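So the structure is just underneath, and the comments pick up after that.
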Amino acid sequence: MKNFLIIFVTSLLLFSCQENKEKKTEAKSLTESIFVLDSKWQNQEGQELQLKDLKGKNLVVVMIFTSCTTACPILVADMRSVASKIDPKKLKETTMLLVSIDPENDTPEVLKAYAKQNNMYGEPWLFIRSDKESVRELANVLAVKYKKISPIVFSHSNIISVFNKNGEMVDQQEGTVKSEEVAKTVNSLN
């Protein structure tokens, strides 16, 4: 009887642990998506959206500000280079997302002019802005550090992130971006 009880209790514990592990895995996959962020954003057309509205497309994401004259032009060039190396079929399934870290100055009109100036207007390009708190929240998710060092200048990380259609991060490049590698990652996504 004693052995039966030990086996029974052990079986219960193992079953309970397995069930708990499955629940944690399910919860983990739900919370690892960028689409769980419920912040409101505006695109370069002034239209309101949430990140979950981008679900169903792969995302290549970078954080910039339009008045930047140092790192951001390089990041923008990197994004164009990545887009040029993505298979045209995959590019139709991809949003190239540029997020402003300077929502005070980067109004929808400024973002629209910047997009046109950089030949990044229309599909697959999307420029967005939000309030300071939402921008900081997204930056934390992307591991992008930034700090305002003057009224129009920010010091910031140079990171390009790739998300699959479910909003799960699948790749991240920091510093000098190898556009071939980023494009290869996007091309490999379902």
- [ ] Determine which member of the set K89, K85, K57 is touching a helix residue (DSSP H, G or I) at 6+ places or on another chain (Cβ under 7 Å) and either surrounded by 15 or more Cβ atoms within 10 Å (Cβ to Cβ) or at pLDDT 95 or above (or both).
- [x] K85
- [ ] Report yes if some residue within the stretch 106-114 is modelled with pLDDT of 95 or more, crowded, with 20+ Cβ neighbours inside 10 Å, under 13 Å from the mean Cα position of the chain (by Cα) and of a type outside the set (A, V, I, L, M, F, W, C); otherwise report no.
- [x] no
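Scan R80, R136 and give me the residue that is more than 25 Å from N166 (Cβ to Cβ), out of contact with any Ser or Thr (no Cβ under 6 Å at 6 or more places or on another chain) and not in a loop (DSSP other than H, G, I, E, B).
Working: R136 fails: more than 25 Å from N166 (Cβ to Cβ).
Every option except R80 fails the conditions.
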- [ ] Any residue in the stretch 179-190 that's within 14 Å of P88 (Cα to Cα): show its pairings with residues that are modelled with pLDDT of 90 or more and assigned to a helix (DSSP H, G or I) at Cβ separation under 7 Å, as long as the two are six or more apart or on different chains.
- [x] A183/V82; A183/K85; V186/K90; N187/K90
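Which ones in the stretch 42-70 are touching a Cys at 6+ places or on another chain (Cβ under 8 Å) and not polar (S, T, N, Q)? So that I can check it myself, show each step before the final result.
Within the stretch 42-70, the subset touching a Cys at 6+ places or on another chain (Cβ under 8 Å) is 64-66.
The answer is I64, F65.
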- [ ] For the stretch 65-78, enumerate the residues that are modelled with pLDDT of 90 or more and closer than 17 Å to P103 by Cα.
- [x] T66
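Hey, does the stretch 47-55 have a residue that's charged (D, E, K, R) and in a helix (DSSP H, G or I)?
Going through the stretch 47-55, the residues charged (D, E, K, R) turn out to be 48, 52-53, 55.
Okay, now just the ones that are also in a helix (DSSP H, G or I), so 52-53.
Yes; the residues of the stretch 47-55 include at least one that is charged (D, E, K, R) and in a helix (DSSP H, G or I).
So, in the stretch 140-181, of the ones that are at pLDDT 90 or above and hydrophobic (A, V, I, L, M, F, W, C), which residue ends up surrounded by the most Cβ atoms within 10 Å (Cβ to Cβ)?
Step one: of the stretch 140-181, the residues at pLDDT 90 or above are 141, 160-172.
When the remaining residues are screened for being hydrophobic (A, V, I, L, M, F, W, C), the result is 141, 160, 162-163, 169-170.
Details: V141: 16, I160: 23, V162: 23, F163: 28, M169: 17, V170: 15.
It comes out as F163.
Restricting attention to the stretch 57-74, which residues are of a type in the set (A, V, I, L, M, F, W, C) and under 17 Å from R129 (Cα atoms)? Show your work before the answer.
From the stretch 57-74, those of a type in the set (A, V, I, L, M, F, W, C) are 59-65, 68, 71-72, 74; that's our starting set.
Within the stretch 57-74, L59, V60, V61, V62, M63, I64, F65, C68, C72 qualify.
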TODO: Among what's in the stretch 27-37 and is exposed (fewer than 15 other Cβ atoms within 10 Å of the Cβ) and under 17 Å from K165 (Cα atoms), pick the residue that is modelled with the highest pLDDT.
DONE: V36
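Within the stretch 92-102, can you find the residues that are assigned to a loop (DSSP other than H, G, I, E, B) and buried (at least 20 other Cβ atoms within 10 Å of the Cβ)? I'd like the intermediate steps shown before the answer.
We begin by selecting, within the stretch 92-102, every residue assigned to a loop (DSSP other than H, G, I, E, B); these are 92-93, 101-102.
Across the stretch 92-102, the qualifying residues are I101, D102.
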TODO: Would you confirm whether any residue within the stretch 4-17 is at pLDDT below 95, small (G, A, S) and more than 19 Å from the chain's Cα centre (by Cα)?
DONE: yes
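The values are calculated or read from the model by the stated rules, or taken from the named source; none is laboratory data. Fair warning: this is a prediction, and the values are worked out from it, not measured in the lab. Using ideal geometry, Cβ is built from the backbone for each residue, glycine included, and neighbour counts are taken over all protein chains shown.
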